[in-house]
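K.L.:
Okay, here's the structure, questions in a sec.
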Amino acid sequence: MKKNSLLYSILIPAYNEAENIGVTLEGLASALRAEEIPFELLVVNDNSTDNTPETLAAMAASLPELRVVHNTPPGGLGRAIRCGLAHFKGEVVAIVMADRSDDPADVVACYRKIEEGYDCVFGSRFVKGGAVAQYPPVKLVANRIVNHAMRLLFMTRFNDLTNAFKVYRRHVIESISPLQAAHFNITIEMSLSCVIRRFRIAQIPIRWSGRTWGQSNLRLREMGRRYLCTLLMIWFERILILDDLLLEKRPEPPHGE
């Protein structure tokens, strides 16, 4: 372990990911060990009904960095992430999907940007150097429309705010908590909450690939109202109470803590 290295918590929500979680964890562990980054792999089992818990238990002996917590019902991506954020040990936390869609090399790259002094790192699939594979066309179109609308509403340069893969320092998570979103809308609750609080945010290109096994739990029609609610909530916070949010913004701890 390098002196003064920041412990890196990789928070992985998992619902029925028995066929993916092993490869995901092994790929992350290999990449982080190669870079001598101190890390923990914190998997939140989100009420899985397949063999995800058994798969994780079997991996524990060969993967000492693995920690598993179990989210209590009701489930949902947002609830699972909130559960993980209550348990992570690191000074830095990354939200990484269990379905192999996020590249371990990008997880490393985000950590290196944090080391440069940023508070958050947002991965973007839609900047030069980014790549997207196996993205359903309808969801891709919806993604670009929603992200463009948010860029206009919040006057921000970040163009992939709905993507879950982002990295935060601990003091950022403390500042934007408590989070409320229960499902995929947590992605914009977290990213937009950081934007309006004016944290130092870097955006880097990432590679993303659609799942190779299983079925996505994101249903556009069901999620529309939740995204809209979260979007309006944070927009009104920005317009009406930004001064209070900035006063309560938690400072970064002194170097070395």
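K.L.:
Sort the stretch 1-139 into rounded, prolate or oblate with this rule: let a ≥ b ≥ c be the square roots of the eigenvalues of the Cα gyration tensor; rounded if a/c is under 1.5, and if a/c is not under 1.5, prolate when a/b is larger than b/c, oblate otherwise.
P.N.:
The shape class here is oblate.
K.L.:
What fraction of the DSSP beta bridges in the stretch 8-247 is antiparallel, stated in percent and rounded to the nearest 5?
P.N.:
25 percent
K.L.:
Suppose every Lys and Arg Cβ carries +1 and every Asp and Glu Cβ carries -1, with no other charges. What dipole size does the chain come out with about its Cα centre, to the nearest 20 debye?
P.N.:
With Lys and Arg at +1 and Asp and Glu at -1, about 840 debye.
K.L.:
Further question: Simple spin-label model, 7 Å along Cα-to-Cβ: M155 to K249 in nm?
P.N.:
The two pseudo-label positions are separated by 1.5 nm.
K.L.:
Most mobile of T52, T24, T156 per a Gaussian network model of the chain (Cα springs, under 10 Å)?
P.N.:
Answer for the Gaussian network model of the chain: T156.
K.L.:
Work out which helices of the chain, taken as complete DSSP H runs, extend at least 27 Å along their axis over the Cα atoms and score a mean Kyte-Doolittle of -0.5 or more, then list them.
P.N.:
Sorted by number, the helices that extend far enough and score high enough are 220-240.
K.L.:
Just list whichever of K89/K128; K89/K113; K89/K139; K139/K249 have alpha carbons separated by over 25 Å in the model shown.
P.N.:
In this structure, K89/K128; K89/K139; K139/K249 exceed 25 Å between Cα atoms.
K.L.:
Rounded, prolate or oblate, given the Cα gyration tensor of the stretch 61-199, with a/c below 1.5 counting as rounded?
P.N.:
rounded
Where a number appears in this text, it was derived from the coordinates with a stated rule and is not lab data. In this text, all values refer to a predicted model and were calculated from it rather than measured experimentally. Backbone-built Cβ (ideal geometry, glycine too); neighbour counts: all protein chains shown.
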